[in-house]
Amino acid sequence: MDTKPLAVRSIHPIDLAEYNEDMLFANGFDDALIGIVERAGLPPIACYNKEKCIEILMKDMSLEDADDYFYYNVVGSYVGENTPCFLTIIKEL
């Protein structure tokens, strides 16, 4: 896993420049990218599925370690208004 969880990416499968050319992405979590979040008065940001991010981390570590890594190194890596968000999907019962 890359030690720098957030970075500006120059190439992405979809053209996100029309939304925000300064958008940041979470390194190593391409498969968890689920969309763009648009916010009032702030630039749009990338949005990731939190559960999928943890599944990706679990390829190399235990659930407990993946959870710790995710919250400390990924969610905890706020670098300004272009920082991505991580969505917890609430499933219907």
Report the relative contact order of the range 19-87, percent, no decimals, based on alpha-carbon pairs under 8 angstrom and at least 6 residues apart.
-> 39
Sort the following peptides by mean Cβ neighbour count (other Cβ atoms within 10 Å, averaged over residues), highest first: 65-76, 19-30.
-> 19-30, 65-76
Within 10 Å, count the other beta carbons around each residue, average over each peptide in 78-85, 53-60, and list them highest first.
-> 53-60, 78-85
For the charge dipole of the range 19-87, defined by +1 on Lys and Arg C-beta atoms and -1 on Asp and Glu C-beta atoms about the Cα centroid, which residue among 63, 24, 42 has the Cα displaced farthest towards the positive pole?
-> 42
Based on other C-beta atoms within 10 Å, arrange 52, 91 from fewest to most.
-> 91, 52
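A short reminder: the numbers here are calculations on the coordinates, not readings from a lab. Small disclaimer: the values here were computed from a predicted structure and weren't measured. For neighbour counting, all protein chains shown are included, and Cβ atoms are generated from backbone atoms with ideal geometry for every residue, glycine included.
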